[in-house]
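The values are calculated or read from the model by the stated rules, or taken from the named source; none is laboratory data. Here the structure is a predicted model, which is why all the values come from computation and not from measurement. So basically every Cβ, Gly included, is an ideal-geometry build from the backbone, and we count neighbours across all protein chains shown.
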Amino acid sequence: MVDSASRSLRICTLVKVSKGTSPASLHVPVAEIFLLFDSSYYIVAHRISVRRPLYQYRGNLTIPDAWDDWGPRQDLQTVKVINSILGKEHVDLAVLNGDLVTGENLFLENGTVYMDQMLAPLVNRSIPFASTYGNHDIDLNISTRALLQRENKVGGKLSLTNSMVEGDEKTVGTSNYYIPVYSSGKKTIELILWFFDSRGGWAYQELDANGNRVHAPDHVDSKVVNWFSQTKSALQKQHGRAIPSLAFVHIPIYATFDYQDSNLRDPSKNPGINNEILGVEGHTCSKSSRHKRKRNEEDDCPYTGADSPFMKELVATSGLMAVFSGHDHRVDWCMTWSSTTPLPHTDPSTGNNLHLCFGRHTGYGGYASEVPRGARQIVIHEQNTVSTGVETYIRLENGSVTGHVMLNATYGQDTYNDEQTSHDGLWGNGGG
């Protein structure tokens with residue numbers, strides 16, 4: 001491990017992938033890791049490309065559409081946000097945590113090309129990047145496998161996204177992999193970054209007997225959970241210890257909704273915006289259009305418990321410090337999944353004090369136009385990683401900082417005020 005605690009690895013999460021199953025590794029001359037998170041997770045870009053509606057395969061491609069003018073303007077604004085964030089933060093790794101594009105508005109012929117525009121700020125700065133894919137990244141005209149190929153082509157060696165679990169994208173997804181993080185010049189893994197594909201959206205190039213799109217399940221598949229369990233056990237055996245880790249998945253797990261719905265969140269202890277009912281993994285909607293479940297629509301989109309195996313495996317992972325998600329544009333708080341206070345409707349009910357966090361909506365695509373854009377930053381101190389905790393904050397488009405906290409053993413007990421969590425953007429130590 002490096003000796004200087006002042007050196008740091010900075011990860012900016014936006015919303016490669018090496019071929020095969022061998023993980024790309026990250027060698028960094030740093031003692032900390034900075035992560036940016038968007039509302040799609042690991043951090044900065046949420047839904048960049050918005051173009052014409054999906055159903056172009058049914059009709060005349062020359063029909064004028066309002067998206068044609070609106071979409072490109074939003075894309076330019078999103079790139080502006082990314083450049084603004086990267087101008088304030090020194091970033092060693094950018095993580096794009098899902099909904100990189102709005103798949104329902106893309107053409108089959110060129111849908112992946114819009115990735116070039118989103119990745120340009122990273123490629124131009126030679127910043128490595130890694131992605132998870134979200135429910136808007138898979139649709140009738142867009143494939144997450146195709147997005148992966150485009151990332152690899154555009155980013156080259158900068159692209160660290162991978163696909164380590166065999167199976168088709170509807171069944172297991174695409175972005176299931178891990179990245180080992182080494183200190184510069186060292187052969188020992190100091191940190192593992194886990195990435196999971198929560199799927200959702202609509203199956204690629206698949207229609208039912210009535211000509212309607214087919215839903216893709218919206219949770220991490222059991223085959224991926226088994227891979228996760230076996231891989232982390234093998235790594236622990238190989239290295240003789242549980243390696244500190246972080247995890248990224250676009251759609252949040254059900255525990256976050258149960259926490260919110262049970263009114264367990266205290267704004268003074270879990271600072272951040274909380275302006276919508278969470279959409280989470282494991283719901284099955286009966287209506288033809290996919291939407292977030294509301295409390296008065298339980299029968300329409302019942303919770304199936306499909307993400308329970310994934311939650312159990314997360315809780316059982318020694319050294320896992322935090323899980324970061326996006327998906328929900330009007331929330332950006334963190335919680336501690338208590339080891340003693342059970343959640344009433346979650347299996348497992350207790351969470352080994354695992355921290356669960358949301359990012360800030362970054363891109364100008366999608367809903368929640370009233371939410372100031374930004375990106376979550378995460379700082380991991382190399383020495384005493386687990387005991388020190390995870391420092392995190394939101395960097396806003398205007399350069400200011402909000403939600404500056406420390407995810408450690410006392411998070412959820414510490415009380416924060418605005419002066420402690422928000423400032424002018426000059427770097428400082430986290431609270432708590």
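Couple of notes before you dig in:
- Residues located in region 98-128, provided they are in contact with a strand residue (DSSP E or B) (Cβ under 7 Å, 6 or more places away or on another chain), within 22 Å of I179 (Cβ to Cβ) and either at pLDDT below 85 or not hydrophobic (A, V, I, L, M, F, W, C) (or both): G98, P128
- Filter result (closer than 29 Å to L235 by Cα and either touching a strand residue (DSSP E or B) at 6+ places or on another chain (Cβ under 6 Å) or surrounded by fewer than 13 Cβ atoms within 10 Å (Cβ to Cβ) (or both)) within region 202-221: V220
- Flag if S262 is surrounded by fewer than 16 Cβ atoms within 10 Å (Cβ to Cβ), touching a Leu at 6+ places or on another chain (Cβ under 7 Å) and at pLDDT 95 or above: yes
- Meets criteria (modelled with pLDDT of 95 or more, of a type in the set (F, W, Y) and surrounded by 20 or more Cβ atoms within 10 Å (Cβ to Cβ)) for Y177: yes
- Of the residues V81, V95, the single one that is hydrophobic (A, V, I, L, M, F, W, C), assigned to a helix (DSSP H, G or I) and modelled with pLDDT of 55 or more is V81.
- Being of a type in the set (K, R) and modelled with pLDDT of 95 or more holds for only one residue in K237, K292, and it is K237.
- Of residues in region 223-259 being of a type in the set (F, W, Y) and under 27 Å from E166 (Cα atoms), the one surrounded by the fewest Cβ atoms within 10 Å (Cβ to Cβ): W227
- Single residue of region 202-223 satisfying the filter (touching a helix residue (DSSP H, G or I) at 6+ places or on another chain (Cβ under 7 Å) and in a loop (DSSP other than H, G, I, E, B)) that is farthest from N105 (Cα to Cα): D221
- Residues satisfying the stated conditions in region 180-201, i.e. out of contact with any Ser or Thr (no Cβ under 6 Å at 6 or more places or on another chain), surrounded by 22 or more Cβ atoms within 10 Å (Cβ to Cβ) and outside any strand (DSSP E or B): S198, R199, G200, G201
- Matching residues in region 149-185 - criterion: being aliphatic (A, V, I, L, M) and over 16 Å from the mean Cα position of the chain (by Cα): V154, L158, M164, V165, V172, V181
- One residue from V165, V154 being modelled with pLDDT of 95 or more, surrounded by fewer than 22 Cβ atoms within 10 Å (Cβ to Cβ) and not hydroxyl-bearing (S, T, Y): V154
- Entirely in region 298-386, the strands (runs of 3 or more DSSP E) that have 2 or more residues that are modelled with pLDDT of 95 or more and touching a strand residue (DSSP E or B) at 6+ places or on another chain (Cβ under 9 Å): 320-325, 334-337, 354-358
- Of residues in region 236-253 being part of a helix (DSSP H, G or I) and out of contact with any strand residue (DSSP E or B) (no Cβ under 7 Å at 6 or more places or on another chain), the one nearest to V390 (Cα to Cα): Q236
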